[in-house]
Each structure stands twice: as C-alpha cells, then as structure tokens.
1. Mind listing whichever residues of the range 192-229 are farther than 20 Å from D440 by Cβ and touching a Gly at 6+ places or on another chain (Cβ under 8 Å)?
2. Scan the range 198-235 for residues that are among the β-branched types (V, I, T) and touching a Leu at 6+ places or on another chain (Cβ under 6 Å) and jot them down.
3. Here are some conditions: (1) farther than 28 Å from I191 by Cβ; (2) under 19 Å from the mean Cα position of the chain (by Cα). I479 meets all but one. Which one does it not meet?
4. Tell me yes or no: at least one residue of the range 48-70 is of a type outside the set (S, T, N, Q), closer than 30 Å to K226 by Cβ and assigned to a helix (DSSP H, G or I).
5. Let me confirm something: among I372, I326, I391, which residue is free of Cβ contacts under 8 Å to residues at least 60 places away in the same chain, of a type outside the set (G, A, S) and under 24 Å from I274 (Cβ atoms)?
6. If A256 satisfies all but one of (1) within 21 Å of D207 (Cα to Cα); (2) of a type outside the set (D, E, K, R); (3) not in a loop (DSSP other than H, G, I, E, B), what's the number of the condition it fails?
7. Name, by its number, the condition in (1) farther than 24 Å from F318 by Cα; (2) in contact with a helix residue (DSSP H, G or I) (Cβ under 7 Å, 6 or more places away or on another chain); (3) of a type in the set (A, V, I, L, M) that does not hold for A239.
8. Being part of a helix (DSSP H, G or I) and either surrounded by 14 or more Cβ atoms within 10 Å (Cβ to Cβ) or not hydroxyl-bearing (S, T, Y) (or both), is that true of even one residue in the range 485-507?
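The values are calculated or read from the model by the stated rules, or taken from the named source; none is laboratory data. No experiment lies behind these values; they were computed from the predicted model shown. All Cβ positions, glycine included, derive from the backbone under ideal geometry; neighbour counts span all protein chains shown.
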Amino acid sequence: MEISTLQKARYAYQPKLPASLSGELTHIVVKLGEPTEAATDQADLKMLFKYSYGKPIARFEAGTAVNSQLTRQLNVGVILSGGQAPGGHNVIAGLFDGLNKGNPASKLYGFVGGPSGLIENKSLLITGELMDQYRNTGGFDLITSGRTKIETPEQFAAALKTAKALALNAIVVIGGDDSNTNAALLAEYFIEKGEAIQIIGCPKTIDGDLKHEYIEASFGFDTACKTYSELIGNIERDALSAQKYWYFIKLMGRSASHIALECALQTHPNVCLISEEVEAKKQSLAQVVEQVCDSIVKRAANGENFGVVLIPEGLIEFIPEIKTLIAELNDVMAKGSEEFAKLHSFDRRKAWLEKTLRADTLATFNSLPGEIAAQLLMDRDPHGNVQVSLIATEHLLSAMAGHRLVELKKAGVYKGKFSVQRHFFGYEGRCAFPSNFDADYCYALGMSAFVLIAAGLTGYLASVRNLTSSASEWIAGGIPLTMMMNMEQRHGSKKPVIKKALVTLDGAPFKAFAAERDTWAVKSSFLFPGAIQYYGPSEVCDQPTMTLKLEQSIK
C-alpha cells in the first residue's frame, strides 16, 4: 500500500506521555482511593452490578522498584466499538507497547469488526510490524469497528467462549457511552461466572458527550472539531468573498451540542444554535427559525446578504414538542416493532400511528413537512431510537427561514436577498489524522489500559486528566465504569447506561459564546483556524480545545 509523505512522517512521531508513564513502565505503582458511588440511581445500580459496583479510583505514580504485576505475561483482546474517532489506532499502539514493555511474550489480539468479532471469534494477532503501519494515523481500519451490542445470554456466552479459547486475561473496549456500558455489563458477567477475565474501557467519541470529573474529554473530539472548524473557516472566507449566500451547516453530535459550541468558539459564525439552550428555553420550531431570521434581517439592513449558521445534528429532538414526539415514537415503535416492521409505505405507517399516538403528539407529527415526517419513521438505530442524523435539519431550517423571510418582506421588515447553501459535516472529521493532542492523549489512554489490566482491575475506564497542562503533567489512572452510570428508558424499559454529558448553560464555554454571539449575529467577526498543524511551536501544534481551556480557566 502506498503512503503519503505526511503519513510517513507521522509514523515517526513519538507521542508525549504523563510522567507516571514515561519512565520505567514496570516500576509504576497503582494507588487506590476510597470506594465510589454513581451520581444517581445508586440502589438500582448496586443491585445490577453486585460484583463491580463501588470500586475505588485508581491513580498511577512512578515507583522506584519493579512491580511484578506489570511484568506478567498477558494475553489481551481489543475491540473498536461504534463510530470512528481520530486516535483509535494510538490507543491500540499504547496498549501494545505497554504489554511488550511489561513482558515481550505478551500478546495482543484485535477483534475484527467490533463486538461481533468477539462474539464470532474473528481476531488477528497484532504484531510490531503490523502496529507500526498504523501509529499516529486516523481511522479504525487496523481491525475495523462495529455497532453490535452484546446483550443476549447467547452473546455473553459466546464472548466468554472466545475469550477462553484465546486464553485472554483481559479485553479492552474502545468506545463511547453505550459501548462502555456494554463493557461494564461484560465485566459483571465474567465475575458472576467466576472467570478472571478483566474488562477495561477507553473513552471514545467525537461528540464530546462522554465526560466526567475524571474524564475531561473523549478522544477524537479535539481532531474532529479542528477539522470541522477548518472547513467552517473556509466557508466563512467564501461567504466574505462571494457575499451572496447563507450557509446552513449541520454538525455531527446527536445528543449534545459540544461540537457546535466548540466550532463556534473557534470560528465565530453569525448564528450557532445550541440544542440544550433551545430545550431549556422551551423554544418552539417557529421560535428557532425566528432566531435565525433575526440575524438575516439585521445583516441585510447593513447590506450583508450572507452569513453562516451552525446547527447541531440532534437539534430537532431538543425542541420540546418534537422531543415529546420522538420519545413517544421510540416507545410505541419499540413495543409494536413486529407489527410496524410489516408496514412498508409511509401512508400505512402514518395510519398505524394515528391509532397509537396521543392526540397532541399526533398533531405535532402531522404539522411537520412530509419529508421530515417520513424521516422520523425510517429504520431505527441499534438502540431502537429515531435516527436523528438522517433528519435533514439544515434543509428544514433553511426552507422555513425562506418562507418566514417572504412574510417579513411583505410586511416591509426585510429588504434583502436570501440564497442558501447547505452542508453536513460529519464523516469528514471521524477519520482525520489525529492532532498532536489526540495522538498523545490516545497513546496515554492505551498505556493506562495496560497498567489497569496488569494491576488486576476490571470494570474500569482508563482516565487521563489535567489535559490543559503539558503532557508530562497529565494524571493517568482509571475510574470504575459504574461511577458514570444512571438508569434510562431504552426499548420501553429502564436500563443501566453511562450518562451522556450535555452542554451546561452555566458552564464557562457556553458563557463565553453567549457573551459574544449578539455581536457575531450582526457583524462579520469570522475567524479562520486553518488546517491542523503537526509540526512547529507547541502553542500552535499541541493546544487542546477551547472548551477544555475554558472549563479549566486557561486562556
């Protein structure tokens, strides 16, 4: 396979590490704190996780003598689960290097195709020669990923059978909130069955919604936001140059607006909608459109018939009446899944809904444009929910804005011109070359996963903190997965899941955005971040996101 010049150079990049992981790896001491609790639903979670609930937080420190636990020969499996995120290969590289520094006879198996690879025993032995072809590169193509959930008794039994066939000591699950919820359940299952096979998770998702006091960022968020911000900056420059289009840009991030908020902080668009604010203010769809039109009208009065609007992918389900509709659709379609699956036309599905939805919810459904209503009834995602990413919110809002502007023009309020370009930035950011930050962070997470395994821990998520400091000052360790959980409605019943971290309106990132957005709405204040830089001064190449800086008050 031919490789680019940048790819060759990135192979040689040596990720920076926390001090506790950069010395003699076999000398690391694992310090355990006090027992932990989940933030909510403690009683229910304690019953569901009888063996793994309440474990202590682990922290690594550099030691002076050999820790015999870290020199054991280990067989470990690794899974990439869910959507791609830049840096996944470096998590595997950190895990691989940790295992080999601990004991060169240790083996790392990659399960091909995600969790299904564990269920079906599809694996490959990761060698040094193979690993070297993927260091510091984007994508998940070393072993690929998948969205299969291990949830049935047969699937759990098959996973155990595979682990025993390969004589595994541990399995590392690299994934987001749902994948790591699955990891916690797998850890509990193995303990219940009297097996000593450990499960360790690593926090992955470009959406940025896998966050906690001890998980300051999920990997891939930094690179994805920098990639999208480069594209948004390019479009802003085009807007200034052509001066004739309004660009409606939908950004990936189904359940939280972290990506949209970070990109707004990096690029200063005219409008950035934040789903969590829309929900908190109970804004209707019409009010959201009015917010967009307000900027369009004011800029037109200044002779600027152009601008940029950022839209979070999941916005539509944060609008109260739409959120209620989607929640009820998820519920009734889960309960009547077999019957609903037999209905193949939109009209037949709509007729079925008329018999099952509440009257007010049905009225909301009927008020939607036909195209959007049809998208709500498309195939479910793996969790049985509406596939919000398939709803073309950028088309919906731009079309509704166009209709509203016609009304405003008739009323003499608006005298401008309105032409639209629409974009969805999603997959463009999932497999980019990881930034130096993500390359370093992911490598440290992988090596932390090795230390947690060597220490005999299970049901933990690798944790690297203090991320706005230089890498040498990062704090490595792990936290119990149950510490991040709550109970949520899934498929019509309560299930344990890792709680998604949404944008907080009293948080520093949102406050910084809110303080400037009225100015951005009227005045062209665009910023142009440019491409991700890999070589040069640390203040250019190694910077974390503005979200992280603001959360930790670093300017």
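1. Within the range 192-229, Q198, I199, D207, D209, Y228 qualify.
2. Within the range 198-235, the subset among the β-branched types (V, I, T) is 199-200, 205-206, 215, 223, 227, 232, 235.
Of everything in the range 198-235, those that are among the β-branched types (V, I, T) and touching a Leu at 6+ places or on another chain (Cβ under 6 Å) turn out to be I199, I200.
3. Checking I479 against (1) farther than 28 Å from I191 by Cβ; (2) under 19 Å from the mean Cα position of the chain (by Cα), the one that fails is (1).
4. Within the range 48-70, none of the residues are of a type outside the set (S, T, N, Q), closer than 30 Å to K226 by Cβ and assigned to a helix (DSSP H, G or I).
5. Details: I326 fails: free of Cβ contacts under 8 Å to residues at least 60 places away in the same chain; I391 fails: free of Cβ contacts under 8 Å to residues at least 60 places away in the same chain.
Unique residue meeting the criteria: I372.
6. The failed condition is (3).
7. (2)
8. Within the range 485-507 (the criterion being part of a helix (DSSP H, G or I) and either surrounded by 14 or more Cβ atoms within 10 Å (Cβ to Cβ) or not hydroxyl-bearing (S, T, Y) (or both)), the answer is no, since none of the residues qualifies.
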